[in-house]
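Presented below is the structure to which this report refers.
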Amino acid sequence: MKKSILSVALVAVTVLGAQAQQRPAAPVNPKDYTFTVVKENPITSVKNQNRSGTCWCFSGLSFLESEVIKAKGLKDPALYPDFSEMYIVRRSYYDRAIQFVRLDGHMNFAVGSDFGDVLETAKKYGLVDQKAYSGLQYGYDLPVQGELDAGLKGYVNAIVKNPNRKLTKVWPKGVDGILDAYMGEVPETFVVNGVTYTPESYRDAQGLNLDDYIGFTSYTHHPFYTAFAMEVCDNWRQSLSWNVPLDELMAIIDYAVDNGYTVAWGGDVSEPGFTRNGLGILVDTEVKATSGSDQERWVGKAEEKPVEKVAVKEIKVTQELRQEWYDEKTSTDDHGMHLYGIAKDQNGTKYYMIKNSWGEAGEYKGLWYMSEEFCKGKVLNILVNKKAVPKEILKKIGIK
């Protein structure tokens, strides 16, 4: 999910703040809607990524936490896992720096990433409990990473220039040094509920097989039932998604929720119908959003003036329309969230229940209701447990 940070923090704040003021007013009002839960699966508490572009990690780990809850049959929220997002972010930063230099700077070096990065980082480095590693060493209670991002980017750009014409073996230690200064050294061991773990043993104790997770998308510029790496800058690990028709993509989401699973959801929230107060509705309007980054929400929140209108008309999404939006870049890799349930409004319209990572914001304290049409039109890719996929779809892609 794309969350690029400008190299000069002051410029970033000025530009993004100006853009935020241009964002159209939300055309929907949560007070006009009454939702009834159809199916709701367990999730952990709402977290706050604050001033960091780490939605991919917050949503990806939230998804894995729900997977642990299901795998272990946990009923008591006090026993729910709480994985450290900043541990995964810190490890990912290091790997990305190595890759950036290997490619002579010809890749995106920013904090944004995707769900595949969460899986690959956890496979390589394990998982850590939140209490054992906050990743905050710079005087804030929540992530504020503009200075860290700029410092790292400046460092790796300098290394890419290679002033000695031959790289030393010590430059990666400089990456570690910056990360240690801002985020802290990673623990070799830590204690959870009286048991001592390493990051690897803690990961292995969760009852998960990280090879059981499959990415899906739906676009026509690749053949259906083949896998490809989504062509977005933040997919720097080239994680694969299986390409299926739109109706099958939606069927996977519904099947997963109906069978007690949740879904990691990556997509675009820049539409004016995705409000700051808990609604995601694909409003049929001529109004265009300027951008949808988290940064704009933090540094220049636009005043919302909802139109008092119940059951606004939505765009009816087709496969062709999805492709058009992707090709013209009005659907982008903007944000990652955690889909965990299904609800209906007072008119019987179907919605998906979403856990966001902006703290307890909005009408529903950090939770969102996203309409089925919004999901159809604006989802770029999802990650699910292969057990949460209908068998006939697994058969089509050759997975047992």
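The values are calculated or read from the model by the stated rules, or taken from the named source; none is laboratory data. Since this is a predicted model, take the numbers as computed values, not measurements. In this analysis, Cβ positions are derived from the backbone assuming ideal geometry, glycine residues included, and neighbour counts consider all displayed protein chains.
Yes/no matrix, rows are residues, columns are (1) touching a residue at least 40 places away in the same chain (Cβ under 8 Å); (2) surrounded by fewer than 17 Cβ atoms within 10 Å (Cβ to Cβ); (3) touching a Ser or Thr at 6+ places or on another chain (Cβ under 7 Å); (4) not charged (D, E, K, R):
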position	(1), (2), (3), (4)
ASN193	no, yes, no, yes
CYS233	yes, yes, no, yes
ARG237	yes, no, no, no
ALA251	yes, yes, no, yes
ASP268	yes, no, yes, no
GLU271	yes, no, no, no
ASN277	yes, yes, no, yes
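Selection of first residues in region 28-47 that are buried (at least 16 other Cβ atoms within 10 Å of the Cβ) and of second residues that are outside any loop (DSSP other than H, G, I, E, B) and among the acidic types (Asp, Glu), restricted to Cβ pairs under 8 Å at least 6 apart or on distinct chains, gives the following pairs, ordered by first then second residue: ILE43/GLU65; THR44/GLU65; LYS47/GLU85. Hey, does region 160-183 have a residue that's of a type in the set (Phe, Trp, Tyr), surrounded by 12 or more Cβ atoms within 10 Å (Cβ to Cβ) and either within 26 Å of the chain's Cα centre (by Cα) or on the phi > 0 side of the Ramachandran plot (or both)? Taking every residue of region 160-183 in turn, at least one turns out to be of a type in the set (Phe, Trp, Tyr), surrounded by 12 or more Cβ atoms within 10 Å (Cβ to Cβ) and either within 26 Å of the chain's Cα centre (by Cα) or on the phi > 0 side of the Ramachandran plot (or both). For the criterion of being over 17 Å from ALA264 (Cβ atoms), assigned to a loop (DSSP other than H, G, I, E, B) and among the hydrophobic types (A, V, I, L, M, F, W, C), ALA361 passes.
Reported count of residues in region 60-107, each being in contact with a helix residue (DSSP H, G or I) (Cβ under 7 Å, 6 or more places away or on another chain) and basic (Lys, Arg), is 2.
Within region 254-272, the set of residues being modelled with pLDDT of 95 or more, in contact with a Gly (Cβ under 8 Å, 6 or more places away or on another chain) and among the acidic types (Asp, Glu) comprises ASP268 only. Each residue in region 190-208 was checked for being touching a helix residue (DSSP H, G or I) at 6+ places or on another chain (Cβ under 9 Å) and either closer than 26 Å to GLY398 by Cβ or polar (S, T, N, Q) (or both), and 3 of them qualify.
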